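The values are calculated or read from the model by the stated rules, or taken from the named source; none is laboratory data. Owing to the predicted nature of the structure, the values given are computational and were not obtained by experimental measurement. Positions of Cβ are generated from backbone atoms using ideal geometry, with glycine treated the same way; all protein chains shown enter the neighbour counts. Please note that ligands, DNA and RNA were not included when accessible areas were found on the heavy atoms of the full protein model with its side chains. Shrake-Rupley method; radii C 1.70, N 1.55, O 1.52, S 1.80 Å.
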Amino acid sequence: MNNQKQQKPTLSGQRFKTRKRDEKERFDPTQFQDCIIQGLTETGTDLEAVAKFLDASGAKLDYHRYAETLFDILVARGMLAPGGTLADDMMRTHVCVFAAQEDLGTMQAFAQVFNKLIRRYKYLEKGFEDEVKKLLLFLKDFLESERNKLAMLTGVLANGTLNAAILNSLYNENLVKEGVSAAFAVKLFKSWINEKDINAVAASLRKVSMDNRLMELFPANKQSVEHFTEYFTEAGLKELLEYVWNQQTIGARKELQKELQEQMSRGDPFKDIILYVKEEMKRNNIPEPVIIGIVWSSVMSTVVWNKKEKLVAEQAIKHLKQYSPLLAAFTTQVVLFYKSEVLSEEPILKWYKDATCCKGEKCLP
C-alpha cells in the first residue's frame with residue numbers, strides 16, 4: 001500500500017460558490033431609465049412630488065453608477081446618444097427641463113429639485129457638473145428653446161451647485177463659430193445676475209479666468225468693441241458690460257505703463273513715445289487725466305531719489321526739465337514749466353513729502 005503512488009486530488013469539476021457581495025451587477029442603464037421615468041410619470045409635473053420621489057429612489061437605485069443617465073432624463077427627457085440626440089426606441093419623460101415652460105420662474109423651481117437631490121446625495125455633485133459640461137458641447141443639436149432653458153437653469157445654479165469653470169465648454173470652436181456660445185451666455189448671465197449682483201458674478205468669473213475672455217465668445221470676425229457693446233446692450237446686460245470695460249481698461253493701463261517705462265529706460269525718442277501713448281489712449285479709450293497720471297508715474301519711476309530732502313528739489317527740477325516735452329504733450333499745465341527757466345522748490349518739496357510713506361520710502365504717485 002505504501003509503495004503504491006497515490007493519485008493527487010484535482011480541481012476539475014469543482015465549483016466555488018461566489019459570495020453575493022462579490023457578484024458584479026450587469027450595467028443596465030435602460031432598466032434604470034425605465035424605473036426613473038415610470039416614477040416621474042406617476043408624480044406628474046408636481047416638482048415637490050418629483051423631489052420626494054428622487055430622494056426616496058436613491059435608496060433603491062444606484063445613483064452613483066447611473067448618474068449620467070439620471071441627469072440625462074431630468075434635463076433632456078431621456079438617455080442621450082453621442083451627439084446629444086434621443087434614440088427613437090427609448091422611453092421619454094415630459095417631467096424634465098426641456099419639456100417645461102421657458103421662463104425663469106420654472107427654471108428656478110427645477111433648480112430646487114437639483115439642489116435638494118445633490119444635497120441629499122453629495123456624490124452626485126461631480127456627476128452633475130460633468131453632465132452640464134457635456135450638454136454644453138451638445139448645444140448646437142438642441143432646439144433654441146431648449147438651449148434657453150438650459151442657460152437659465154445654469155445661471156440659477158451657478159450660485160453654488162455648479163462651478164463657473166464649466167462655462168469654459170462655451171469656448172468650443174464650433175459653438176463659437178455658429179454664434180451659439182454668445183446667445184447662450186447672454187441668457188445665462190441674465191438669470192445669474194438676477195439671482196446675485198454683478199459683483200458676485202464678476203468674482204466667480206475672475207476665479208476661473210473668464211472675466212477678460214468674454215469677447216472670445218464671439219466669432220473672430222465679430223470680436224470688436226462695437227459689436228460686443230451693441231450685443232450686450234441690446235440684451236440688457238449693461239452692468240456686465242461696464243464691468244468688462246473696467247477690467248479691460250485696468251489691464252490696458254498696466255500694459256501701457258509697463259511699456260512706457262521700458263521705452264524710457266531704453267532712451268527712445270520722445271516723439272516715438274508720445275505717438276505710442278496717444279495711439280494706446282485712443283485704442284483703449286483711456287481718459288486724458290488717467291494718461292497724465294500714467295506718464296507722470298512712469299517719469300518719476302525712472303530716477304533714484306536722493307535720501308537727503310534738501311537735495312530732492314534740485315534733483316526733481318533737473319529731472320522734470322529733461323522730461324518736460326513728454327509731459328507737455330498731454331497737459332497744457334506742464335507747458336508753462338517747460339517754457340520757463342525757474343521752478344519754485346516749494347511745490348517739489350511738498351510733492352516729495354506727500355509721496356513719502358511711513359517707512360521713509362518713496363511711494364510714487
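In a solvent-free Debye calculation with one equal scatterer on each Cα, what is log10 I(q)/I(0) for the stretch 267-307 at q = 0.22 Å⁻¹, listed in the order of the q values? Those come out to -0.78, one per q. At q = 0.19 Å⁻¹, what is the base-10 log of I(q)/I(0) for the stretch 73-225 according to the Debye formula with one equal point scatterer per Cα and no solvent? Please give it to two decimals. Log10 of I(q)/I(0), two decimals: -1.27. Computed over all pairs of different Cα atoms, the Kirkwood value for the hydrodynamic radius of the stretch 186-269 is 14.5 Å. In the stretch 115-253, carbon and sulfur make up what percent of the accessible area (probe 1.4 Å)? About 46 percent, which is the carbon plus sulfur part of the accessible surface. Rolling a 1.4 Å probe over the heavy atoms of the protein chains gives the stretch 240-299 an accessible area of 58 Å² per residue.
Sort 70-78, 173-181 by the packing proxy (mean of other Cβ within 10 Å over each peptide's residues), most packed first.
Packing proxy ranking, top to bottom: 70-78, 173-181.
Mean projected area of the convex hull spanned by the Cα atoms of the stretch 143-190, taken over all viewing directions: 3.1 nm².
Please compute the alpha carbon radius of gyration of the stretch 178-324, then divide it by the globular-protein estimate 2.2 N^0.38 Å. Two decimals is fine.
Values: Rg = 20.7 Å, N = 147, 2.2 N^0.38 = 14.7 Å.
It is 1.41.
Put simply, the convex hull of the Cα atoms in the stretch 239-282 casts, on average, a shadow of 2.9 nm².
With the convex hull built on the Cα atoms of the stretch 25-92, state its orientation-averaged projected area in nm². Walk me through the intermediate numbers first.
Numbers: hull surface 19.0 nm².
Orientation-averaged projected area of the Cα hull: 4.7 nm².
In the assembled protein chains, THR45 presents an accessible area of approximately 120 Å² (probe radius 1.4 Å).
What number comes out for accessible area per residue over the stretch 102-209 if the probe is 1.4 Å? Units Å², please. Don't skip to the end; give the middle numbers.
Details: 4690 Å² over 108 residues.
For the stretch 102-209, the per-residue accessible area is 43 Å².
Shown for the stretch 257-305: the carbon plus sulfur share of the solvent-accessible area, taken with all protein chains present and a 1.4 angstrom probe, equals 54%. When each of the peptides 157-168, 210-221 is scored by the mean number of other C-beta atoms lying within 10 Å of its residues, the order from highest to lowest reads 157-168, 210-221.
Among the listed pairs LYS140/LYS254; LYS254/LYS310; LYS140/LYS282; LYS133/LYS177; LYS126/LYS222, a Cα-Cα separation exceeding 28 Å is found for LYS140/LYS254; LYS254/LYS310; LYS140/LYS282; LYS126/LYS222. With only the Cα atoms considered, the stretch 163-206 has a convex hull volume of 62 Å³ per residue.
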